[in-house]
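The values are calculated or read from the model by the stated rules, or taken from the named source; none is laboratory data. From a predicted model like this one, the values you see are computed outputs, not experimental measurements. Reconstructed Cβ throughout: ideal geometry from the backbone, glycine too, with neighbour counts over all protein chains shown.
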């Protein structure tokens with residue numbers, strides 16, 4: 001036999017409590033009835049105490065409402081309010097049932113007490129007291145027990161209803177929802193409007209469901225990105241490796257001689273540098289995904305730091321035959337990882353150069369609301385609106401990049417976004433197709 005459910009346990013415990021209360025009430029009634037004789041005598045003694053005292057003083061008026069008689073030690077009737085008792089004097093003691101504690105006779109209780117004179121007993125007083133004056137039916141006790149029983153029953157029923165609706169029902173819903181999740185259905189939600197701990201439990205469960213759904217969707221996206229990564233890396237590796245292989249084979253076989261050897265080795269070196277950059281991007285992205293990206297911040301002034309990067313970028317842009325512009329650099333104190341921020345800005349300039357064949361590349365600096373804002377603007381091919389929301393995703397390369405056969409892993413902007421976020425900033429994109437693109441990020445000032 002399996003273990004009882006919570007509902008079965010509640011019913012069993014409630015039934016046990018009700019039966020226990022009924023047994024307790026019955027026991028109380030039994031004990032009350034068992035001691036009835038003692039209670040009657042005690043009530044009679046209390047009721048007659050003043051009357052017996054007055055009778056010992058010779059005043060029998062307070063006894064007139066009862067049948068009583070007073071006899072001496074010889075059995076002679078000294079006083080009585082019943083004529084038959086006076087006629088039977090001396091009275092036969094056997095006709096009186098009772099002793100010094102009183103007794104029952106017909107519908108009356110015969111209470112007896114000594115007649116004292118100078119602290120010596122000279123006779124006995126017998127008083128017949130109707131039972132109705134002495135016996136208090138325990139109706140009040142029964143009423144109290146019934147009231148307590150009803151309150152207890154209502155409380156238990158209300159408690160069972162509370163447990164069922166506010167605990168068992170939501171737990172059952174969570175159980176059913178868990179089964180559906182295991183079957184792959186993440187859309188069926190727990191309907192709840194409970195306060196307190198159960199409401200918090202349902203809320204947390206729904207939070208876990210949302211996180212699980214997000215994780216599954218994210219896993220699907222990652223798998224898609226992995227497929228794209230393999231495709232892109234295969235393409236990007238195949239081209240330079242094929243070039244390197246061809247040039248090396250030409251040198252090795254002796255087909256290339258003289259000055260052309262230096263030309264070939266120069267091309268091979270460029271392709272090797274390109275491959276190293278691709279591998280570095282993949283390693284950087286892996287570190288970011290595993291939260292092992294090393295950020296080491298130091299304080300520096302922005303003007304001195306960014307001036308060297310701007311000059312390097314100026315030379316690279318001019319070598320491609322493009323115009324280069326840069327605004328004044330505000331001189332503010334920053335707390336940054338210089339290597340990583342340099343990497344971000346160089347990546348943005350490099351992207352601008354890839355997609356700009358003519359025109360201008362501009363680096364803009366401005367200080368605003370405690371932030372240093374840096375933007376790289378180009379007059380290149382621009383980014384379609386459908387691609388702008390995705391360009392910071394890992395391995396994503398827009399349709400234009402694939403069409404124009406632009407090299408790259410699709411990881412640069414994803415890594416840049418991670419670096420900027422680790423500095424407490426954000427990165428944005430604003431682009432108009434065939435007119436140009438602006439990539440902007442900000443860093444909080446120290």
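Here are some notes:
- Scan of the range 314-352 for residues that are buried (at least 19 other Cβ atoms within 10 Å of the Cβ) and under 52 Å from the mean Cα position of the chain (by Cα), ordered by number: 329, 334, 336, 340, 341, 344, 345, 347, 348, 349, 351, 352
- Residue in the range 133-156 that is modelled with pLDDT of 75 or more, under 30 Å from residue 71 (Cα atoms) and over 24 Å from the mean Cα position of the chain (by Cα) present: yes
- The numbered conditions (1) in a loop (DSSP other than H, G, I, E, B); (2) over 20 Å from residue 300 (Cα atoms); (3) at pLDDT 90 or above are all true for residue 393 except (3).
- Checking 51, 74 one by one, the residue that is modelled with pLDDT of 75 or more, out of contact with any strand residue (DSSP E or B) (no Cβ under 7 Å at 6 or more places or on another chain) and surrounded by 16 or more Cβ atoms within 10 Å (Cβ to Cβ) is 51 and no other.
- Qualifying residues in the range 356-374 (those that are under 43 Å from the mean Cα position of the chain (by Cα) and assigned to a strand (DSSP E or B)) - the one nearest to residue 318 (Cα to Cα): 374
- Residues (more than 22 Å from residue 423 (Cβ to Cβ) and out of contact with any strand residue (DSSP E or B) (no Cβ under 8 Å at 6 or more places or on another chain)) located in the range 307-350: 311, 315, 316, 319, 320, 321
- Selection status of residue 420, within 14 Å of residue 306 (Cα to Cα) and either modelled with pLDDT of 90 or more or not assigned by TED's automatic domain parsing to the domain that holds residue 313 (or both): no
- Cβ separations smaller than 7 Å between residues 6+ apart or across chains give the following pairs from the range 367-396 residues that are assigned by TED's automatic domain parsing to the domain that holds residue 434 and at positive phi to residues that are part of a strand (DSSP E or B) and surrounded by 19 or more Cβ atoms within 10 Å (Cβ to Cβ): 382/431; 382/436; 382/437.
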